[in-house]
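The values are calculated or read from the model by the stated rules, or taken from the named source; none is laboratory data. All figures in this text were calculated on a predicted structure; none of them were measured in a lab. Positions of Cβ are backbone-derived with ideal geometry, glycine not excepted, and every protein chain shown enters the neighbour counts.
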Amino acid sequence: MRFTHFLIVFIAIFFFALFLSCGAPEKEIDKDETQIAKESDVEDKIIGETELKEFYSLLSSDSFDECMEYFTSQLRQNPGEEILKQGLIQRGNIKGKLLDYKIKYSFSEKNAEGELLFGIHTICYNEADKYHFENFRFINENGKYLIRTYEYSDVPYVSPEIANDSESDLKSFLNNMYQAINTDKFENVKVLMDNEIIEHLGEETLENGYLTKIAIKSEIVDFTVESAIARIEREVPVVEMIIKEDTKDGTFKSEVLLSARADGYKLVMIDDIPVTEFNDKSNLSKDEEKLIQDYVNGFYKALESAQYKAIVGYVDDDVFLNNSKDAILNSFEQRNSLYGFPEKETINSVIRNKVGDRDSFEIVATVYNDSGKNSNEKLVLVKTIKGQYKIYAYEYSETNN
């Protein structure tokens, strides 16, 4: 599970979201673990998506009692069916009546307890031309796939892993984008652009920018998304990414901004990142290095001692515009429940960047936890009007070791 931009919220109706929380072959066939995992993923995908379709059908018809059958027995007991039903009603009051949905991404994963979960990310289309994004985890309970967790957000659920997975719609869009760029024809890129950008800047300005900054690159043969953050900008959900591009002339990095519209991702901006902006800490002054080290040490010290209310003081004010204080507190508690309490952290890299017109540092660290599990974590710090730095985004995932 990953926490991105404080938009993951948990089971309490008060937070306006929900965290609800194969047979043997006839003949003996030798199969490696990879093949077995692939077959299991396909089976999970078919069953999970079928259960989701049935659940959404009931939800769209306000059949909340019948919806209860799709939650695990544990959730139906605690917090209980009445709380779950109130949560679903509240979801409809906030987001509008569900009319349709589309699956954006599906995957399998194991949680901290070693349980195998099947996850689905969706975009939901609601009344009054509104849309939002939802995130499910299903678990096999007595032969039936039931909802273990359920949450929703105004922005899509993204991470570098999702952006680099060929099964995701985000990866598909990026593939199309780079294919269009490699044609050296602006009209091929324009069809992927957000219409508001075209109307605001004009085709001539955009084409000149493309010809002077993008088309001059040699063919991009491969790319890797190194960071991905979702946020709201001017009332539109957007995804901001740092992408490493491999070309015939070398490796470059670009900042890419996409809007997440009802009909899919649209290109808003792509710009080169100067080399001095993405090297590891070598372009920082001693004062900046000390500021970052002291900030990171203080943050993880508060996490280690479970001082969650103190941690809220580290969070930038803009984050509270779309998230309640209690939801943010619960998010940090969830991090510790997944990986354990941090004992030591090592800063791997620091990227000097911008969030809108505000200076920022993107910090990537390895955190060693008392559970024995290590986690990869990213903090994005933004500069406040008072010259202080606050947390604007926070992501974490378990390391492979």
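Some observations on this one:
- The residues of the range 227-251 that are surrounded by 15 or more Cβ atoms within 10 Å (Cβ to Cβ) and of a type in the set (Gly, Ala, Ser), listed by number, are Ser227, Ala228, Ala230.
- Search result, residues across the range 93-116 that are under 14 Å from the mean Cα position of the chain (by Cα) and not in a strand (DSSP E or B): none
- Test result for Leu174, of a type outside the set (Gly, Ala, Ser), part of a helix (DSSP H, G or I), surrounded by 16 or more Cβ atoms within 10 Å (Cβ to Cβ) and modelled with pLDDT of 95 or more: yes
- Qualifying positions in the range 177-194 - buried (at least 19 other Cβ atoms within 10 Å of the Cβ) and β-branched (Val, Ile, Thr): Ile181, Val189
- In the range 316-339, the residue that is farthest from Glu289 (Cα to Cα) out of those that are in contact with a Lys or Arg (Cβ under 8 Å, 6 or more places away or on another chain) and surrounded by fewer than 19 Cβ atoms within 10 Å (Cβ to Cβ) is Leu329.
- Members of the range 134-153 found to be surrounded by 20 or more Cβ atoms within 10 Å (Cβ to Cβ) and either assigned to a loop (DSSP other than H, G, I, E, B) or not hydroxyl-bearing (Ser, Thr, Tyr) (or both), listed by number: Glu134, Asn135, Phe136, Arg137, Phe138, Leu146, Ile147, Arg148, Glu151
- Close pairs from the range 379-393: first outside the structural domain of Val364 (by TED's automatic domain parsing), partner buried (at least 22 other Cβ atoms within 10 Å of the Cβ), Cβ under 6 Å, at least 6 apart: none
- Meets criteria (at pLDDT below 85, surrounded by 15 or more Cβ atoms within 10 Å (Cβ to Cβ) and under 23 Å from the mean Cα position of the chain (by Cα)) for Gly119: no
- Members of the range 114-146 that are β-branched (Val, Ile, Thr) and touching a Ser or Thr at 6+ places or on another chain (Cβ under 7 Å): Ile120, Ile139
- The range 345-358, residues that are over 24 Å from Glu161 (Cα atoms) and surrounded by 13 or more Cβ atoms within 10 Å (Cβ to Cβ): Arg358
- Output for the range 62-86, where each listed residue is outside any helix (DSSP H, G or I) and charged (D, E, K, R): Asp62
- Across the range 122-133, the qualifying residues are those that are surrounded by 15 or more Cβ atoms within 10 Å (Cβ to Cβ) and hydrophobic (A, V, I, L, M, F, W, C), and the one among them that is nearest to the chain's Cα centre (by Cα) is Phe133.
- Residue within the range 373-381 that is assigned to a helix (DSSP H, G or I), crowded, with 17+ Cβ neighbours inside 10 Å and either at pLDDT 85 or above or among the small types (Gly, Ala, Ser) (or both) present: no
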